[in-house]
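K.L.:
Take a look at the following structure, please.
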Amino acid sequence: LVPRRYSDKLRSEQATHFQPERGRIVFSNNAPEAAWQSGTQDRVSMFFQLAGLLAAEPERYKAGAQLQLPTASSREVETWTFTVTGTPTLALPIGAQPTLALRREPRQPYDQTIEIWFAPALGYLPARIRISQANGDVIDQKLSALEH
């Protein structure tokens with residue numbers, strides 16, 4: 001995937017503009033520009049880029065394997081490292097689903113923990129995403145339906 005624009009509307013909209021033809025990533029909040037590098041994702045497309053990487057070479061991703069992905073927010077680009085933590089079967093609203101679990105540990109104080117469970121039988125679609133904030137708040141999304 002090659003994103004073109006990412007925006008965050010937490011307080012007021014802030015956008016990130018991906019400009020691979022210029023080799024730059026530009027932020028609307030006047031943060032310094034970042035160098036564009038192949039594979040850079042935003043905080044949403046990252047989930048689907050990971051799915052594509054897992055689907056392309058599933059034999060590479062055994063427990064303990066790591067994936068690194070340059071990830072842009074509305075302020076900066078950082079390399080996020082995800083570790084394969086196992087292959088649990090999840091009880092989901094759509095039924096039991098074998099998964100491949102990945103986890104990104106917090107990189108600094110007050111950072112998020114991100115856990116993603118991908119379903120190989122569903123083309124590595126994210127079947128569950130859990131984002132845990134340092135203050136204890138949690139966002140937990142589970143796949144509940146598939147539309148064809």
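K.L.:
Given the structure, is Arg75 touching a residue at least 60 places away in the same chain (Cβ under 8 Å), open to solvent by 50 Å² or more (accessible area, probe 1.4 Å) and over 12 Å from the mean Cα position of the chain (by Cα)?
P.N.:
yes
K.L.:
Which of the residues spanning region 6-26 are in contact with a strand residue (DSSP E or B) (Cβ under 9 Å, 6 or more places away or on another chain) and over 24 Å from Phe82 (Cβ atoms)?
P.N.:
The answer is Glu13, Gln14, Ala15, His17, Gln19, Gly23, Arg24, Val26.
K.L.:
Which of the following residues is farther than 20 Å from Val2 by Cβ, within 11 Å of the chain's Cα centre (by Cα) and at pLDDT 95 or above: Arg104, Arg128?
P.N.:
On the way: Arg128 fails: within 11 Å of the chain's Cα centre (by Cα).
Among Arg104, Arg128, only Arg104 is farther than 20 Å from Val2 by Cβ, within 11 Å of the chain's Cα centre (by Cα) and at pLDDT 95 or above.
K.L.:
Let me ask something else about it. Tell me, which residue of region 30-59 that is in contact (Cβ under 8 Å) with a residue 24 or more places away in the chain and in a loop (DSSP other than H, G, I, E, B) is least open to solvent (accessible area, probe 1.4 Å)?
P.N.:
Filtering region 30-59 for residues that are in contact (Cβ under 8 Å) with a residue 24 or more places away in the chain and in a loop (DSSP other than H, G, I, E, B), the one least open to solvent (accessible area, probe 1.4 Å) comes out as Thr40.
K.L.:
Can you name every one of the strands (runs of 3 or more DSSP E) wholly within region 82-148 that holds 1 or more residues which are on the phi > 0 side of the Ramachandran plot and surrounded by fewer than 15 Cβ atoms within 10 Å (Cβ to Cβ)?
P.N.:
Filter on region 82-148 gives 95-98.
The values are calculated or read from the model by the stated rules, or taken from the named source; none is laboratory data. Only a predicted model underlies this, so the values are computations on that prediction, with no experimental measurement involved. Please note: Cβ atoms are built from the backbone with ideal geometry, for glycine as well, and neighbour counts cover all protein chains shown. Heavy atoms of the whole protein, side chains included, go into the accessibility calculation; ligands, DNA and RNA do not. Shrake-Rupley method; radii C 1.70, N 1.55, O 1.52, S 1.80 Å.
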